[in-house]
1. Which one of these does VAL316 not meet: (1) of a type outside the set (Asp, Glu); (2) in a helix (DSSP H, G or I); (3) more than 23 Å from the chain's Cα centre (by Cα)?
2. So which residues in region 163-186 are among the aliphatic types (A, V, I, L, M) and within 9 Å of the ligand (Cβ to nearest atom), if there are any at all?
3. Where the second residue is in a loop (DSSP other than H, G, I, E, B) and among the hydroxyl-bearing types (Ser, Thr, Tyr) and the first is more than 25 Å from PRO302 (Cβ to Cβ) and lies in region 318-331, which pairs have Cβ atoms under 7 Å and are six or more apart or on separate chains?
4. Within region 125-178, which strands (runs of 3 or more DSSP E) (wholly inside it) include 2 or more residues that are at positive phi?
5. Could you please tell me which pairs satisfy a Cβ distance under 8 Å, a separation of 6+ or placement on different chains, a first residue in region 178-197 that is more than 13 Å from ILE217 (Cα to Cα), and a second residue that is in a loop (DSSP other than H, G, I, E, B) and among the small types (Gly, Ala, Ser)?
6. Could you count how many residues in region 113-130 are surrounded by fewer than 17 Cβ atoms within 10 Å (Cβ to Cβ) and either modelled with pLDDT of 95 or more or away from the ligand (no atom under 14 Å from the Cβ) (or both)?
7. Test VAL351 against the criterion of being more than 16 Å from the ligand (Cβ to nearest atom) and closer than 21 Å to SER122 by Cβ, and give yes or no.
8. May I ask you to list the residues in region 214-258 that are farther than 26 Å from ASN9 by Cβ, touching a helix residue (DSSP H, G or I) at 6+ places or on another chain (Cβ under 6 Å), in a loop (DSSP other than H, G, I, E, B) and away from the ligand (no atom under 16 Å from the Cβ)?
Amino acid sequence: MAKIRILGNHDLHLHGRVKISGAKNAVLPAIAASLLTKEPLQLHNIPLVKDVFTILTLMEGLGAEYSLENDSLSIQTRNIRSDEASYEHVRAMRASILVLGPLLARHGKAIVALPGGCAIGSRPIDLHIHGLEKMGAFISLEHGYIHAETNRLKGTEIEFEKKTVGGTENLVMAACLAQGETILRNCSLEPEVVNLCHLLVKMGAKIDGIGEETMQIKGVESLGGATHEIIPDRIEAGTFLVAGALNQGKITLEGVIPEHLTTVIEKLKFSGTEIHRHPHRVDVLRVQGAPEIKPQDVTTSPYPGFPTDMQAQFTVLMTQAEGTSIITETIFDRRFSHVNELLRLGANIEVFQDKAIVKGKTPLSGAEVIASDLRASASLVLAGLIANGETIINDMEHLDRGYEKIEEKLKTLGAHIERLPEEESS
Ligand code: EPZ
């Protein structure tokens, strides 16, 4: 199991520049979208994270050919060789479900393993399935697999009971090749959804209302290839902003879209963090921590609200605030697994149902901890930076799923962080 060791201290002084990578949650649907055409897609600003390699392996199994050079990916599925996304792939990455809509739209058949739950909650996909059924897919669930078939999807009106990023993405992709017009209501507004829709339009899709809660998609007979830039990862950027907020030195983030981080920046500024834009570069943010951090109550909500993917990281900052903060998680039903590990580092946090009550300021001290999911592992890295002494974080495979070379990026800022050689599995 991968381990990371951090030598942290209360008086963190990181300095320097960090380049933010492309967004994992934008590139995964973009790669799935390549199933919608026989032509090649050229995607740039690809983050070299584990989930990208996982979905590329899945895509190869379906018949895709690809080449990845630095951060540019060329991918093409001339023919669908298989229509099955196995449990092995889906277990490794829930986002494999994003091939369901495109496979049905392109190929008329898809067999996709039902994603189970995960460390952050039950993660159902009922909204994906109901939407596709309304578009004329025949779907049965057998032995842990979704069996979906259709002669051709038909446009219809669908209103999502609740905001679902993956559900919006699956249904938009399916609707692009459906017969007639589809109206989707209560769509997710996340920048990653918008980035996908811009790609689909470049491929020839007819989508109105991109970035709004109601989208109209006029189905077309076929889609073509396109070249597209993946947006920067706003959650990686937010994670480094929290690192800066915990830090007395200055960190400069490059390659970000500040507009994607409005609520995170606002909350950090309210807590006393200094965040400034660059006078001449729109993609740069400078961040420096406040000597005294003010407690902030935060409630996660769908974009443009405070992102659930930033909840664990912000919780770490609030352990250093002078007072009590209430963190309310409204998106997932079990997204506090980082709390027990933060308690081992000396934090004072109590969880009651959907709330974590954080009492600060609690100086943290290094300890051995275990990562449970992607963003929890990022929060443990942040905590390790400001914990006095040595912190060992186990199961760092979670972190590698969504952060590109985070320890190298932190090391260039002056952090004492290193990946330990993998122990022979006992
Ligand atoms: C996406 O997951 C992201 N993953 C998640 O990021 C992110 O936390 C989440 O959106 C919310 O922003 C990717 O984009 C690959 P949802 P997704 O469908 O699409 C419920 C990370 O760390 N729901 O918006 O799976 C669901 O249980 C990951 O990068 C249903 O009830 O999330 C949850 O409570 C973690 N039925 C809520 O909706 C459904 O059919 C939001 O889920 C679908 C979802």
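The values are calculated or read from the model by the stated rules, or taken from the named source; none is laboratory data. Just so we're clear, the structure is a prediction, and the values are computed from it rather than from any experiment. Don't worry about glycine lacking a Cβ; one is built from the backbone with ideal geometry, like all the others, and counts go over all protein chains shown.
1. For VAL316, the exception is condition (3).
2. Across region 163-186, the qualifying residue is only VAL165.
3. THR319/THR362; ALA321/SER271
4. Where strands (runs of 3 or more DSSP E) fall fully within region 125-178, none carries at least 2 residues being at positive phi.
5. Cβ pairs passing all conditions: LEU189/GLY211; PRO191/ALA23; GLU192/ALA23; VAL194/GLY211; ASN195/ALA23.
6. Final tally of qualifying residues: 1.
7. Values: more than 16 Å from the ligand (Cβ to nearest atom): yes; closer than 21 Å to SER122 by Cβ: yes.
Yes: the conditions hold for VAL351.
8. LEU223, VAL256
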